[in-house]
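Written out below as structure tokens is the structure these notes cover.
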Amino acid sequence: MVCHCGMTGTVGRTFPARAQMQLRNIVCPCMPNGHILQLEDLPAMHPPCGVGLRHAFAAQAVYRLCIDPTPQPLGTMDRTVEIDWIKRPGNAPAVQIQRRVGWTNLQNHLANLNTILVHLPFTLNAHDLTAHAALAVMALVIRDLEGAVLQTVLQIGSGGDYLVQIQGGARPTQVEGSGILNAAISGVAQARLHQKRVQVLTRSPNGFVSITTFAHPGGQQPGPIVHSYMHYVVQGPSKKAGGKRGEKRKRNKGKKK
Amino acid sequence: MTTPVIDRDGRSTVAAAEAQAALASGDTPRAQEKYREAGALLERCIPNHRRQSEKHLIRFLAATQYYKGGLYHKALNLCEHIQKNLLPPDVVSLFPPFIRDVKSRASADYTSRVRKELLRSWTSQDNPRILGLLQDHPYVLPPGGVAFFRAVICENMKSYEAAAAFYAEALRWNPNDPSLIFAAVALPLKFPSEARIDEAWEYVQKLLKTIPHAATFAVASIVCFHRATAAADDKEQRRLSNDQIRYFDEAWAAYLSLSKDQAKDPELYLILDLAFETAAISLFRLGEQLRAKQVCDEAIRLGPHSPNTWTVRGIVTYPSDGAVADFQNAIALGDDTYFPYFYLAHNALARSDYSGAVQFCQEALKTRAKPNRRIEASLYGWLASSKYVLGSEKDEVETLFHIGRQIDPENLDLEENYRVFREGKKEPRVRPAREWGQVAIQHALDRMKHFPVSSPNPKVLVSS
């Protein structure tokens, strides 16, 4: 039996079927009323750099999830994010899941959160605000789905934004996060996904790409939704063999022999 | 992995994140301090790396932190030790535009250039441009100045919540500058005279949250007075008047807790004086004459040299000997409105002192601020009747009645006195004026209209 979200589990965790969960009083995080990924928990989720993440990006995430571009009713403390997930090792098709991102007790950790929220659209440009918010969402989602812990920020030209350690993984890899404010035009997010995939794979054999769109056409839902891609990307063997680089490698191998 | 890990312990990342958060909340000194820390932490780890390309990359990263913290000279010094050709290939193209920008910002005229640009944008009222400039160059003004600039821009954009937050921020940086509070309340004070009462109310509520000060409470009470005056029915008017009195009481309590220096501020006194007046008149309108008088007594104790407070006490206690004395006092202190003369004219007429009535009517009609239609017509009627009793020519009296009837054809008192005159009787009717309440409200509204409110102007910040 599988959970209604279609997953049997995530890294280090197994979700029993809904009936079993009810019996055992366990709540599946993918259930609409399940647990919420709280922005205030970023330091606990990512011990090496979570404090910095919360400082720098949590308020921006609240702003983009709750105030602009889709204002939520007063008192809203979380928002559902629809996720298109390609999990490791990256060879399975994407699954569609939901997570809820919340900020219930964030004000206990960010002094004057309400004032910061009022200031933000005037102190930060819209592009940076979206980019920061997307990084906060990425940090929550990658920890929850992949059990990955962000280690440190990567410098310019590294391909990704953060170095990330996967539970049980031998070597760290990269994650690149990016945000889109409004994807009214279809294809914007996919184009960005492709661009970031290429960017990550220029300097790393694999990695994660996370693209969060804060106003995405809702499909069956009445208003715009928040949508996020969390894709594990890998330089596929077919690509290695094919294409100019693959051919060059083959030629070089032949020469050496 | 071919990417070197530079900030292994994450300290520089955390410092930069704290700097970023400080910048987002407008705290530029803290942002500067934290970016400086992030840059220094990066610089410190240069010796730990063997490869030249890594050393130069770290210098570049540290310079970036200094740049973000507005430490342009420090960034430039570091950039001068970076060899472009030794930077990693992915990064090398980023360096030339970066150093160009750093050089530009480290130049002697950088601040004045940006300030001039701000001034130009202010003159052309290009609000998005100003916001963009302040985001890109957050260190060209002191933090309080940036907050004030943003507050005014937010007002222009009708983002009153943000404006209130930025005024509070500006005040946090300049706690001893009361002019910031008066700048913050300027618009809600001005809006009612432009028939923008709802907007004034929306704004003042936000200000009460961020700047709970005697001035903001006083302005809230004044705006409530306008809302009550414009109310659709008596019940609503009563409710809003009660709100007004509540805010007025809070203003007074807050005022009493101010230091002597702050309490002495002439601008604060002007605002408080207006709050006193509108509170007294609202209480008068609610039928609470005794409380209205008590409020006026307090106002006179606060500012015994203000003619206005004497006039208001006269209005709420008229008819009485005390009221007459108050009006005379107001005139002696230089009240240049028609109100004290209007009441004294009525009082003279009631005592059959026709020459006194003529004198006061003429004074009232001479004042700078023109009385409203109804009051002006009454004054002409009283003047005409008094002159008729004193033996003036019928033609002159007829002319005065004619002027009054033209101004307000529906003035019943005037019509009655005109009828008495036409009948040849020299016994003008002097009834208590029908609209004493209206007159009182008119007094407050007139005061509002002529209240000295100047819109806040951040030009001084950039031109200094």
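The values are calculated or read from the model by the stated rules, or taken from the named source; none is laboratory data. All values reported here derive from a predicted model rather than from experimental measurement. Cβ: placed from backbone, ideal geometry, glycine included. Neighbour counts: every protein chain shown.
Numerical summary
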| item | result |
| --- | --- |
| Members of the range B:136-164 that are over 24 Å from B:Gly70 (Cα atoms) and of a type in the set (Gly, Ala, Ser) | B:Ser159, B:Ala162, B:Ala163, B:Ala164 |
| Residues satisfying the stated conditions in the range B:303-345, i.e. farther than 18 Å from B:Ile281 by Cα and in a helix (DSSP H, G or I) | B:Asp321, B:Ala325, B:Gln328, B:Asn329, B:Ile331, B:Ala332, B:Tyr341, B:Leu344, B:Ala345 |
| Answer residue from the range B:234-287, given it is among the charged types (D, E, K, R) and within 17 Å of the chain's Cα centre (by Cα) and is nearest to B:Ala183 (Cα to Cα) among those | B:Glu267 |
| Selection from the range A:116-166 of residues that are assigned to a helix (DSSP H, G or I), of a type outside the set (Phe, Trp, Tyr), buried (at least 20 other Cβ atoms within 10 Å of the Cβ) and at the interface with chain B (Cβ under 9 Å from one of its Cβ atoms) | A:Ile116, A:Val118, A:His119, A:Leu120, A:Thr123, A:Leu129, A:His132 |
| Residues of the range A:85-105 classified as within 14 Å of A:Tyr229 (Cα to Cα), out of contact with any Pro (no Cβ under 7 Å at 6 or more places or on another chain) and crowded, with 17+ Cβ neighbours inside 10 Å, total | 5 |
| Hits in the range B:174-210 (condition: within 14 Å of another protein chain (Cβ to nearest Cβ), surrounded by fewer than 24 Cβ atoms within 10 Å (Cβ to Cβ) and of a type in the set (A, V, I, L, M, F, W, C)) | none |
| Out of A:Asn112, A:Asn108, sole residue that is polar (S, T, N, Q) and at the interface with another protein chain (Cβ under 8 Å from one of its Cβ atoms) | A:Asn112 |
| Among residues of the range A:167-196, those that are surrounded by 18 or more Cβ atoms within 10 Å (Cβ to Cβ) and of a type outside the set (A, V, I, L, M), counted | 9 |
| Residue list for the range B:319-359, filter: farther than 18 Å from B:Asn308 by Cα and aromatic (Phe, Trp, Tyr) | B:Tyr354 |
| Candidate set from the range B:23-52 (those that are modelled with pLDDT under 90 and among the small types (Gly, Ala, Ser)); member that is nearest to B:Pro88 (Cα to Cα) | B:Ala24 |
| The range B:255-292, residues that are closer than 14 Å to B:Asn242 by Cα and of a type in the set (Asp, Glu) | B:Glu288 |
| Selection status of A:Gln190, at pLDDT below 90, touching a Gly at 6+ places or on another chain (Cβ under 6 Å) and more than 14 Å from chain B (Cβ to nearest Cβ) | no |
| Yes/no for B:Ser392 being of a type in the set (Ser, Thr, Tyr) and either touching a Leu at 6+ places or on another chain (Cβ under 6 Å) or part of a helix (DSSP H, G or I) (or both) | no |
| Condition check for B:Gly334: under 35 Å from the mean Cα position of the chain (by Cα) and in contact (Cβ under 8 Å) with a residue 24 or more places away in the chain | yes |
| Residue match in the range B:251-261 (condition: within 30 Å of A:Leu113 (Cβ to Cβ), in contact (Cβ under 8 Å) with a residue 12 or more places away in the chain and assigned to a helix (DSSP H, G or I)) | yes |
| Residue match in the range B:102-110 (condition: over 24 Å from B:Asp27 (Cα atoms), of a type in the set (Lys, Arg), at pLDDT 95 or above and in a helix (DSSP H, G or I)) | yes |
| Selection status of B:Pro128, within 12 Å of another protein chain (Cβ to nearest Cβ) and part of a helix (DSSP H, G or I) | yes |
| Matching option when the condition is farther than 25 Å from B:Ala22 by Cβ, in contact with a helix residue (DSSP H, G or I) (Cβ under 8 Å, 6 or more places away or on another chain) and of a type outside the set (Ser, Thr, Tyr), among B:Val102, B:Val91 | B:Val91 |
| Residues that are surrounded by 17 or more Cβ atoms within 10 Å (Cβ to Cβ) and of a type in the set (Phe, Trp, Tyr), drawn from the range B:105-138 | B:Trp122 |
| Subset of the range A:54-84 [part of a loop (DSSP other than H, G, I, E, B), touching a residue at least 12 places away in the same chain (Cβ under 8 Å) and either more than 14 Å from chain B (Cβ to nearest Cβ) or among the aromatic types (Phe, Trp, Tyr) (or both)] | A:Pro69, A:Thr70, A:Met77 |
| Test: residue in the range B:424-433 that is modelled with pLDDT under 90, assigned to a helix (DSSP H, G or I) and surrounded by 14 or more Cβ atoms within 10 Å (Cβ to Cβ) | no |
| Tally, over the range B:259-288, of residues that are closer than 18 Å to B:Gln442 by Cβ and among the polar types (S, T, N, Q) | 2 |
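Rundown of residues vs (1) at the interface with chain A (Cβ under 10 Å from one of its Cβ atoms); (2) hydroxyl-bearing (Ser, Thr, Tyr); (3) over 28 Å from A:Arg171 (Cα atoms); (4) crowded, with 23+ Cβ neighbours inside 10 Å, yes/no style:
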{"site": "B:Gly26", "(1), (2), (3), (4)": "yes, no, yes, yes"}
{"site": "B:Gln65", "(1), (2), (3), (4)": "no, no, yes, yes"}
{"site": "B:Gly69", "(1), (2), (3), (4)": "no, no, yes, yes"}
{"site": "B:Leu76", "(1), (2), (3), (4)": "no, no, yes, no"}
{"site": "B:Leu86", "(1), (2), (3), (4)": "no, no, no, no"}
